[in-house]
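Asker: Mind looking over this structure? Questions follow.
None of the figures in this text is laboratory data; all of them are computed from the coordinates on show. Every value quoted in this text rests on a predicted model; they were computed, and no experiment measured them. Glycine also receives a Cβ, built like all others from the backbone with ideal geometry; neighbour counts cover every protein chain displayed.
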Amino acid sequence: MTRHAAEEAATTADRQFDRLTLSQRGQHLVLLVACVVLVITGLPVLFHGGSMGEATVKLLGGASVRASLHRGGAIVLMGLCTWHLLYVMLSRRAHDDFLRVLPRVQDLREVRQAMRMYVGLATQGPRFGHFSYVEKLQYWAVGLGCGMMILSGLAMWLHDQVMLTLPKIWLDVAWIVHGRGAVFGFLAIIVWHLYNVHLRPGVFPMSTVWLTGKISEQQMRADHALEYEAITGAPPSDTATGTTAPTGPQASEGGGAP
Ligand code: HEM
């Protein structure tokens, strides 16, 4: 490598783009902690007959401590959702991000191109803008999942009041939705989200965007080629192929304010 090429590579490697604001990183961290607490304190109820369920309850300090911890986690999750809604409504940056995460017809084209690449009909995958279809799916899955878990959880928590106003079948539905939703959400996080941000080639052992809020130029070119071109004015041929699977929800250069 010539000296000039080596210097250029070093500059490129150092260049960082703002992706997640401080508030977004804070929300992600609270979500992570709340979900871990809710899963650990909720799943033993679902699998109460098994030895792992019993051992977990014992480790947590008994049935009533487990129940209090689950309700504590639920209050944190509800607080987080309120924080997120206010953030989207009151912060200009969050509002803009929200508009960009809305589904569009373009997402279907991206899915089609990705599928073509996966089955060998195309050599290149789709090139993404600020949010890829995978990031959008993750955002909406978390949003709808939280809404579903909160509604069904509140119904079980306030079961006396629910029984006074609605037929019992609604409580049964809430109970089934809550239990199945917990297993589904748990598996989705372990299998899908963790693969995308930890194990995927290119980001292993971990994407640090959720900690630093910054994304490297290399990752920007690979995962958000269209946005990279729009920000830097780089010609399309100068950016990466976009054949890597995208990472989690992130944001663009210039917007670091919470
Ligand atoms: C990621 C979020 C959550 C997960 C993974 C989760 C998980 C679970 C699981 C697996 C059960 C056992 C269900 C069964 O017996 O079929 C449960 C029970 C319960 N959950 Fe959740 N939950 C979550 C959020 C919430 C929220 C937001 C609330 C309240 C607003 C809540 C309130 C309850 C209540 C009241 C029960 C009944 C058992 C108990 O007293 O702990 N949960 N949860």
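Asker: Rounded to the nearest 0.05, what FRET efficiency do L102 and A230 have when you use their Cβ-Cβ distance and R0 = 22 Å?
Answerer: After rounding, the FRET efficiency stands at 0.75.
Asker: Grab every C-alpha pair in region 15-171, bin the distances at 5 angstrom width from 0 up to the longest one, and report whole percents.
Answerer: Pair shares across the bins are 1, 7, 12, 14, 14, 13, 12, 10, 9, 5, 2, 0, 0.
Asker: Full-extension gain between S51 and M148, please, as 0.36 nm times their residue separation minus the C-alpha to C-alpha distance.
Answerer: In short, 32.1 nm is gained.
Asker: Let me ask you something else. Full-extension gain between K168 and W83, please, as 0.36 nm times their residue separation minus the C-alpha to C-alpha distance.
Answerer: Contour length minus Cα-Cα distance gives 27.4 nm.
Asker: Among 17-29, 51-63, 69-81, 159-171, what's the highest-first ranking by average C-beta atoms within 10 angstrom per residue?
Answerer: Per-residue Cβ counts within 10 Å, averaged per peptide and sorted highest first, yield 17-29, 69-81, 51-63, 159-171.
Asker: Toward the positive end of the charge dipole of the chain, about the Cα centre and with charges on Cβ (Lys, Arg +1; Asp, Glu -1), which of V76, Q218, M156 goes farthest?
Answerer: M156
Asker: If the reach is capped at under 28 angstrom between alpha carbons, list the lysines near K136, excluding any in the same chain fewer than eight residues apart.
Answerer: In chain and number order, the partners are K214.
Asker: On to the next question. Per residue, how big is the convex hull around the C-alpha atoms of region 40-105? Give it to me in cubic angstrom, could you?
Answerer: With only Cα atoms used, region 40-105 gives 113 Å³ per residue.
Asker: Placing unit charges on C-beta atoms (Lys and Arg positive, Asp and Glu negative, everything else neutral), compute the dipole magnitude of the chain about its Cα centre in debye, rounded to 20.
Answerer: The dipole of the chain has a size of about 460 debye.
Asker: Expressed in nm to one decimal, what extension gain is obtained for the pair R71 and V119 from 0.36 nm per residue of sequence separation less their Cα-Cα distance?
Answerer: Separation in residues times 0.36 nm, less the Cα-Cα distance, equals 12.7 nm.
Asker: Another question, if that's okay. Give the share of C-alpha pairs in each 10 angstrom bin for region 17-74, from 0 to the last occupied bin, in whole percents, shortest bins first.
Answerer: Pairs per bin, as whole percents: 24, 40, 19, 13, 4.
Asker: Here is a follow-up. Once label points are set 7 Å from the Cα along Cα→Cβ at both R109 and M206, what is their separation, rounded to one decimal in nm?
Answerer: The modelled label-to-label distance comes out at 3.7 nm.
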